[in-house]
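The values are calculated or read from the model by the stated rules, or taken from the named source; none is laboratory data. This structure is a prediction, so every number in the text was calculated from the model and none was measured. All Cβ positions, even for glycine, are placed from backbone atoms using ideal geometry, and neighbour counts span all protein chains on display. When the accessible area is computed, the model is the full protein with side chains, heavy atoms only, and any ligands, DNA or RNA have been set aside. Shrake-Rupley method; radii C 1.70, N 1.55, O 1.52, S 1.80 Å.
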Amino acid sequence: MHDESSHENRDLILTLVTVAGTVVAALATWVVPWPAAVWGGLVLAYLAGGLPAGIGALRALIRDGEIDIDLLMVVAALAAAAVGAAIEGAVLLTLFSISGTLEARAMGRARRAVEALMALRPDTALLHTPDGSVREVAADTLAQGDLVVLRPGARVPVDAVLVSGAGSIDESTITGESMPVAKEAGAKLHEATVNIDGVLTIRVARPRAESTVARMIQMVTEAQAAKAPSERFSQWFGRRYTVAVLAGSVLALVVLLALGLDWDTALYRAATLLVAASPCAVVISVPAAILSALSAAARGGVLFKGGAALEDLAQVRSFAFDKTGTLTTGRADLTGLFVPDGNEDAALALLAGIEAHSEHPIAEAIRRATAERGVAPLVFDDMYNTASEGIAGRDGDCVVWAGNLRMLARRGITLPDDMAHLVQSDETTVFFGRDDRLVGAATVADTPRETSAAALVALRESDTGIALMTGDKRAVALRVGAALGLRPDEIHADLLPEDKVRLVSDMAGKGAVAFVGDGVNDAAALARADVGIAMGAAGSDVALAAADVAFLSEDMTRLAEARRLAGRTAAIIRQNLIFAIGAMAVLVVGSLFFALPLPLAVIGHEGGTLLVVLNGLRLLADPIRRA
């Protein structure tokens, strides 16, 4: 990154020298005639603007056998000087240098947008030692399982899990969330996010080299190395077309001489053709848009593993979703409370007191709901598990219990008519009571994410097919699907991993398909899809490795936003290519048949290049937004 900045600074200095030389030569020619200043300015402009480009072009020719666009510009400038149009040649080198410098700085901005996260990674952390003391250590030395103290205002040094304390975390640098996110014990924390308030104790989840930020940097680096199809086309076209332009200019010179034009006029026309036909705008039009879009997506918490994934997403016609952990939260939540006497708070306090001694996900859901309602759990002693039934304990002389239908049967309790429907429920039901009296029942289920329904609506508005695929029971899948507005024919349940692959293959026969998942069992379907999308914030490493796109946020509405950005990128690439090729064709025709002046060819060529770059860079101002 330092080398890249030094390179940009050197290019800027050379460009300023080229501009100065050209301005001095022009003034000494047209304002205050001064031959010595003219020659001094021209030499300065040609050396600063042409020598570095010429050396680079010759190295590419000798080392790789490639003729690049820099060689075209240098040859055109020298040809202009040879026919007495040295000022026009200097102007060409000046505009070429300015264009190249602006392109490099703009593209560098796009590349550095995610790498800037490196500067946000704290160098040190407060390690909580086994003897109870706290000492400052290098963040790179933290190992999985270490306890770290996080004070207000401090950045999270590594990916971690909150052990104790509660507070708000600013996750905007990682997930793009605009508002701080409340965190309690058990919550995941990402490296480089900021602790807004509260003193937190966190446990290191993975070494720093494997953190979310480290994976982001790796993915962006891979994305920049992986060329999109349109990028590969523009490079392929540019290399071959450059050779054709050089050959065509030489041929044009021969033909013009054969037609009776004098040497200076023929060479001037050939030099003009050389400038007009150069494919700079075509070559730069695609990477300008791709890199800008990748940067904009990363700022919104969406990482593409390359320009190809970005282009493929724009072509997707149907989306297949895993259910658990993707469209749903992946955790159990309290969905219903049935209490015959109507005193829900008292019943919930009883149930939470019983489940306080269990580590089961159902118990966690009940405790979480109790805390959200502000209900204080009752305190019981001597709790014990009853295999395949539930949990029980003592409350003085009374037995308190919570369990399933087998627990009811053993205690001789008959289910009331108003609770009979719970037997056929597609949710998990927990019955609870005292001694042989049923106090109530609670239903627990994995619930849809708050953003899932809105995401599916947004995708449908773009005429996109939807399918839900899950290994869960069909009754559960239908419940979740109905909550999300899915039709029964769009829901596929009781699936094995190979079944998901088969269904994705069937969908791919009707157009490009994307699969969205988060688990190990989704890896095969992610790899089979035209575009695999992993829910990175909660996803497994296997899923992330198999996917083409990773979401660092659990906000599903960003899926439609990412697709919108991909579509806009494809549109801008088309605009750039059409404009670049069209402008080049106009300049070539003008130079061949209408004696286009060299200065106009220079302005048209470099102006067109700058326009396509600026058009592509518009995507930097179009980040993924939260719906």
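Can you give me the ranges of the helices (runs of 4 or more DSSP H) entirely in region 507-602 with at least 1 residues that are at pLDDT 90 or above? Show your work before the answer.
Details: elements: 523-528, 541-546, 557-593.
Helices (runs of 4 or more DSSP H) meeting the threshold: 557-593.
So if I check each of THR324, THR329, which one is surrounded by fewer than 23 Cβ atoms within 10 Å (Cβ to Cβ), at pLDDT below 80 and farther than 29 Å from GLY100 by Cβ?
None of the other options fit; the residue is THR324.
Restricting the first residue to region 413-426 and requiring it to be closer than 24 Å to VAL400 by Cα and in contact (Cβ under 8 Å) with a residue 40 or more places away in the chain, which pairs with a second residue that is in a loop (DSSP other than H, G, I, E, B) and not polar (S, T, N, Q) meet a Cβ separation below 7 Å and a spacing of at least six or different chains?
That search, which allows pairs on different chains as well, returns PRO416/PRO340.
This table checks each residue for (1) modelled with pLDDT of 80 or more; (2) charged (D, E, K, R); (3) more than 25 Å from ALA266 (Cα to Cα); (4) touching a Leu at 6+ places or on another chain (Cβ under 9 Å).
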{"position": "ASN9", "(1), (2), (3), (4)": "no, no, yes, no"}
{"position": "GLY54", "(1), (2), (3), (4)": "yes, no, no, yes"}
{"position": "GLU66", "(1), (2), (3), (4)": "no, yes, yes, no"}
{"position": "ALA77", "(1), (2), (3), (4)": "yes, no, no, yes"}
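Checking the structure you have, find out if any residue of region 406-428 is within 30 Å of ARG487 (Cα to Cα) and in a strand (DSSP E or B).
There is at least one residue in region 406-428 that is within 30 Å of ARG487 (Cα to Cα) and in a strand (DSSP E or B).
Counting only residues that are open to solvent by less than 30 Å² (accessible area, probe 1.4 Å) and assigned to a helix (DSSP H, G or I), which one in region 618-627 is nearest to ALA276 (Cα to Cα)? Let's see the steps before the verdict.
Within region 618-627, the subset open to solvent by less than 30 Å² (accessible area, probe 1.4 Å) is 619-620, 622, 624.
Filter once more, keeping what is assigned to a helix (DSSP H, G or I): 619-620.
Details: LEU619: 28, LEU620: 30 Å.
So, considering only residues that are open to solvent by less than 30 Å² (accessible area, probe 1.4 Å) and assigned to a helix (DSSP H, G or I), the one nearest to ALA276 (Cα to Cα) is LEU619.
Of the residues ALA314, ALA297, which single one is in contact with a Phe, Trp or Tyr (Cβ under 7 Å, 6 or more places away or on another chain) and open to solvent by less than 30 Å² (accessible area, probe 1.4 Å)?
From the options ALA314, ALA297, the qualifying one is ALA297.
Go through region 403-421 and report how many residues are within 45 Å of the chain's Cα centre (by Cα) and crowded, with 18+ Cβ neighbours inside 10 Å.
Going through region 403-421 one residue at a time, the tally reaches 1.
Given the residues ALA352, ALA347, ALA314, ALA320, which is the only one that is free of Cβ contacts under 8 Å to residues at least 60 places away in the same chain and either touching a Cys at 6+ places or on another chain (Cβ under 9 Å) or among the hydrophobic types (A, V, I, L, M, F, W, C) (or both)?
Just one listed residue meets the conditions, ALA352.
When region 189-228 is examined, which residues are found to be charged (D, E, K, R), more than 22 Å from LYS305 (Cα to Cα) and at pLDDT below 85?
Across region 189-228, the qualifying residue is only ASP197.
Looking at TRP39 and the list (1) open to solvent by 30 Å² or more (accessible area, probe 1.4 Å); (2) at pLDDT 85 or above; (3) touching a helix residue (DSSP H, G or I) at 6+ places or on another chain (Cβ under 7 Å), which single condition is not satisfied?
Here TRP39 meets the rest and fails (3).
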